1. Please work out which residue is surrounded by the most Cβ atoms within 10 Å (Cβ to Cβ), limiting yourself to segment 145-156 and to residues that are free of Cβ contacts under 8 Å to residues at least 40 places away in the same chain and not aliphatic (A, V, I, L, M).
2. Scan segment 88-99 and report the pairs whose first residue is part of a loop (DSSP other than H, G, I, E, B) and whose second residue is among the polar types (S, T, N, Q), with Cβ atoms within less than 8 Å and a gap of 6+ or a chain change.
3. State the number of residues belonging to segment 102-144 that are of a type outside the set (Asp, Glu), surrounded by fewer than 14 Cβ atoms within 10 Å (Cβ to Cβ) and without any contact (Cβ under 8 Å) to a residue 60 or more places away in the chain.
4. State which residue is surrounded by the most Cβ atoms within 10 Å (Cβ to Cβ) when the search covers only segment 1-38 and only residues that are in contact with a strand residue (DSSP E or B) (Cβ under 6 Å, 6 or more places away or on another chain) and in a helix (DSSP H, G or I).
5. With respect to SER64, is the statement that it is part of a strand (DSSP E or B), outside the structural domain of ALA126 (by TED's automatic domain parsing), under 16 Å from the mean Cα position of the chain (by Cα) and of a type outside the set (Val, Ile, Thr) true?
6. So, in segment 20-38, exactly how many residues are within 17 Å of THR95 (Cβ to Cβ) and at pLDDT 95 or above?
Amino acid sequence: MPIILAIETSSETASCALLRGDAVISRVSSGVRTHSQAVLPMIQELLAEAGIALADCDAVAFGSGPGSFTGVRTACGVAQGLAFGGKLPAVPVMTLDAMALACHQQHGASEVLVVLDARMSEVYWAQYRFENGAPVAVLPAVLTAPADVKPQGAPVLCGNGLSAYAEAFPVGGFAEVMPHAEQIAQLAAIDFAAGRTVTAAEAQPLYLRNKVAYTQAERRDMAAAKDGGA
């Protein structure tokens, strides 16, 4: 089993985790220091607790977003530096995937709708089902107004978008479920085993708001343009 070092700083809470086989240890920092100040000390603590060096790890994973612009950049930058220094591959993991896995693990949900507050009266959201314990996107991640979140069926809802825009989600859910490095590490182990890694130089954040992905309206417009030109 691979040894995965994971970093997640896309929200108000920063976390780091070290996965070895089925065992995972982690550290969390919230509010005391900035994420950039907190991450490296947490990583040093994890490596010391495990009795290993960075070079003993097989890959460095990070929450690639969506999330806080500064936070996502922090995780990517630290992961790049560690991957360069340790001559290790990097594994970007979408934060919404990690939230879905957390909801599945903590609440037994087999169908999950993740809703993450994107500020500016918008949310990032995606819907998942689970196969062999891993999330599979039913509705890929998009950025919309809360009122435009349209799940399929009756999934379990999670994420801080539920509390930030409670009027749009009267059925409620698990608003406390947020991205954490433990799930980033677990999903990265799956990607690592499948060869889905990148070099340190190739590691990039995911900014849904910056056109890395498209909103639903943009997808409809592109589809209409394509049909019109066919």
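1. Step by step, filter segment 145-156, then rank; the result is PRO146.
2. PRO89/THR197; PRO89/THR199
3. Here the count works out to 8.
4. The extreme case among them is HIS35.
5. Details: part of a strand (DSSP E or B): yes; outside the structural domain of ALA126 (by TED's automatic domain parsing): yes; under 16 Å from the mean Cα position of the chain (by Cα): yes; of a type outside the set (Val, Ile, Thr): yes.
Yes; evaluated as a whole, the condition is true for this residue.
6. 2
The values are calculated or read from the model by the stated rules, or taken from the named source; none is laboratory data. Since this is a predicted model, take the numbers as computed values, not measurements. Cβ sites come from the backbone with ideal geometry, for glycine too, and all protein chains shown count toward neighbours.
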